[in-house]
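The values are calculated or read from the model by the stated rules, or taken from the named source; none is laboratory data. Note that the coordinates shown come from a computational prediction; the quantities given were computed from them, not determined experimentally. A quick note on method: Cβ atoms are made from the backbone with ideal geometry, for glycine too, and the neighbour counts reach across all protein chains shown.
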Amino acid sequence: MSVAPLYLEPRMEPRMASLLGSAAFLHTLVEALGSPLNLVLPEQFAENAERFRSVLDGSRLGGRVYFAHKANRSSALVRRLTATRAGVDTASLSELQHALAAGFTGDRIMATGPKDPEFLWLAARCGATVHADGAAELEQAAGLVRRYGLPRLRVMVRLSGFETSGAKTLARRSRFGTAMRDLDRLLDVLERHRDALDPVGVGYHLDTTSLDEKAAALEGCLRAMEELRSRGFEPRAIDAGGGYGVSYLARAEQWERYTSELTQAVMGRRPPLTWGGHGYGLRVENGTLKGTLSLYPAHRPLTGPAYLEELLSRPAPGLGRPLGTLLLEGLYDLYVEPGRALTDQCGASLAKVLEVRPSDTGAHLVRLAMNASDVGLEDHGVLMDPVLLPRDGSSAGACRPDGGGPVAVHLLGNLCLEADLITRRTVYLPRLPRPGDLLAFANTAGYCMDFTATHAQQQPVARKVAVHQSAPHAGGGAWRWCLDEQYWPTTRTGDDAS
Ligand SMILES: *Cc1c(COP(=O)(O)O)cnc(C)c1O
């Protein structure tokens with residue numbers, strides 16, 4: 001069948017492009033370790049941490065970049081980070097234990113999120129900074145410090161419900177943090193526990209792409225710092241949380257074309273672009289388009305460190321001067337907690353093709369040795385094409401001898417479940433895959449590769465391997481690998497060789 005392909009090509013920086021260009025290496029790995037298989041790139045991770053850090057340096061701000069651990073469970077990534085200037089933001093007892101075992105000391109660990117007593121105790125015991133959700137957590141923490149004779153605990157308070165002073169924007173509702181209007185009560189708690197708790201500062205984490213909302217939140221934090229000072233505290237840091245984002249696609253025009261064609265398909269003006277005509281949040285009622293697109297904005301012009309830089313150069317909505325300048329003048333440190341953005345270009349997920357067959361929709365069905373929970377693209381609303389790695393080493397881009405050219409396929413998972421589709425999108429590949437070929441999903445290290453992985457139906461969960469090149473810099477040398485749990489920062493330099 002001839003189709004006008006709607007490609008969504010993944011954005012790949014040189015290291016990722018080199019890795020996914022090494023088909024023979026990747027086939028060997030999957031033969032040895034099975035499918036699915038996850039790859040992580042510790043060197044890229046360290047480089048990303050430095051890129052974020054250089055935004056702070058460029059604004060002459062002190063502070064720290066904390067990796068939001070929940071984005072990836074890898075040991076290699078967390079261990080590699082210990083050899084940088086970054087810290088780690090943990091959100092559970094196990095993540096905290098993992099960070100400690102990787103070599104982080106308490107002074108570079110943040111404990112965020114809802115805390116059970118054990119998590120709070122270990123955080124207090126190891127001298128992590130406790131980012132408290134509210135008054136109850138502060139009370140509990142103070143109780144632990146006194147009962148166990150622990151050193152005065154560094155705490156931050158998470159704020160929410162920011163409103164801009166001028167034009168009223170609706171404050172985003174969050175189940176986390178303490179509303180700005182309740183700050184006074186929180187400060188009463190801190191005053192009562194002055195001996196046990198050291199309030200380092202305040203922070204927020206907003207799950208939004210909106211710079212305006214973040215600028216309002218950052219300004220709200222600056223005001224809260226003044227409140228703390230007026231109560232005789234000496235706060236010194238503001239935590240701007242995460243949410244700097246990733247651009248998954250190489251080309252803006254492919255994304256724009258895809259989303260407008262999807263709208264047309266939902267309106268019934270062209271054949272469906274998805275399994276069963278799924279609309280990704282869009283639907284038609286009485287001939288008009290309803291709903292909103294529930295997809296991650298897969299092509300974004302401003303993400304990661306550049307997004308942070310833009311935030312700092314924005315004028316504070318009320319105070320008027322750039323937020324970075326205001327931080328500097330207050331002599332405040334800036335903490336950031338990127339998750340997804342710090343793992344950008346740091347991982348890929350491989351799946352072996354098991355079966356290819358035609359279907360009555362016109363698209364071929366391609367069944368993979370992987371299921372939807374192994375690569376949470378659909379869960380996170382991320383649309384991007386996999387890279388086809390033929391088994392025989394022929395170029396994936398080449399047209400087939402029978403003149404097939406680009407084909408539409410549905411990617412099916414390995415569960416005995418109707419809903420197990422790797423993506424509900426109809427995917428276009430440069431040619432029809434064959435059993436034994438690999439599909440490589442680029443850039444899955446942030447939330448996609450292990451956040452949702454389960455043992456459903458006792459299918460194997462992907463193993464994870466750390467890959468690095470024999471020469472130290474990007475583009476340098478042959479690819480090498482070890483199991484994720486075998487990787488330490490010395491692995492890459494050969495310091496571990498006897
Ligand atoms: C999830 C989370 C982050 C990371 O968010 P990203 O969007 O992955 O950058 C940072 N801080 C907190 C408190 C979080 O819950």
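Quick notes on this one:
- Residue within the range 300-318 that is under 30 Å from Gly58 (Cβ atoms), within 16 Å of the ligand (Cβ to nearest atom) and either modelled with pLDDT under 95 or assigned to a strand (DSSP E or B) (or both) present: no
- Of Pro435, Pro401, Pro390, all but one fail to be in the same structural domain as Tyr487 (by TED's automatic domain parsing), modelled with pLDDT of 95 or more and exposed (fewer than 15 other Cβ atoms within 10 Å of the Cβ); the exception is Pro435.
- Considering residues of the range 78-118 that are of a type in the set (Ser, Thr, Tyr) and surrounded by 15 or more Cβ atoms within 10 Å (Cβ to Cβ) only, the residue nearest to Ser54 (Cα to Cα): Thr84
- When residues in the range 438-472 are screened for being hydroxyl-bearing (Ser, Thr, Tyr), surrounded by fewer than 17 Cβ atoms within 10 Å (Cβ to Cβ) and in contact (Cβ under 8 Å) with a residue 40 or more places away in the chain, 2 of them pass.
Residues checked against (1) under 27 Å from the mean Cα position of the chain (by Cα); (2) without any contact (Cβ under 8 Å) to a residue 40 or more places away in the chain; (3) more than 16 Å from the ligand (Cβ to nearest atom):
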| site | (1), (2), (3) |
| --- | --- |
| Arg321 | no, yes, yes |
| Leu326 | no, no, yes |
| Glu329 | no, yes, yes |
| Val336 | yes, no, no |
| Gly339 | yes, no, no |
| Asp344 | yes, no, no |
| Lys352 | yes, no, yes |
| Glu355 | no, no, yes |
| Asp360 | no, yes, yes |
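- Residue, surrounded by the fewest Cβ atoms within 10 Å (Cβ to Cβ), within the range 1-25, restricted to residues that are modelled with pLDDT of 95 or more and among the small types (Gly, Ala, Ser): Ala24
- Arg257 modelled with pLDDT of 95 or more and loosely packed, with under 13 Cβ neighbours inside 10 Å: no
- Count of residues meeting criterion [more than 18 Å from the chain's Cα centre (by Cα) and either in a loop (DSSP other than H, G, I, E, B) or within 16 Å of the ligand (Cβ to nearest atom) (or both)] in the range 434-468: 10
- Among the helices (runs of 4 or more DSSP H) confined to the range 1-115, the ones with at least 2 residues that are in contact (Cβ under 8 Å) with a residue 40 or more places away in the chain are located at 14-20, 23-33, 42-58, 75-82.
- Of the residues making up the range 203-210, one or more are within 16 Å of the ligand (Cβ to nearest atom), charged (D, E, K, R) and surrounded by fewer than 15 Cβ atoms within 10 Å (Cβ to Cβ).
- Verdict on Arg321 being buried (at least 18 other Cβ atoms within 10 Å of the Cβ) and among the basic types (Lys, Arg): no
Residue-by-condition table, conditions (1) assigned by TED's automatic domain parsing to the domain that holds Asn443; (2) without any contact (Cβ under 8 Å) to a residue 40 or more places away in the chain; (3) buried (at least 16 other Cβ atoms within 10 Å of the Cβ); (4) under 16 Å from Val336 (Cβ atoms):
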site	(1), (2), (3), (4)
Arg147	no, yes, no, no
Pro151	no, yes, no, no
Met180	no, no, yes, no
Leu186	no, no, yes, no
Leu190	no, no, yes, no
Val200	no, no, yes, yes
Ala224	no, no, yes, no
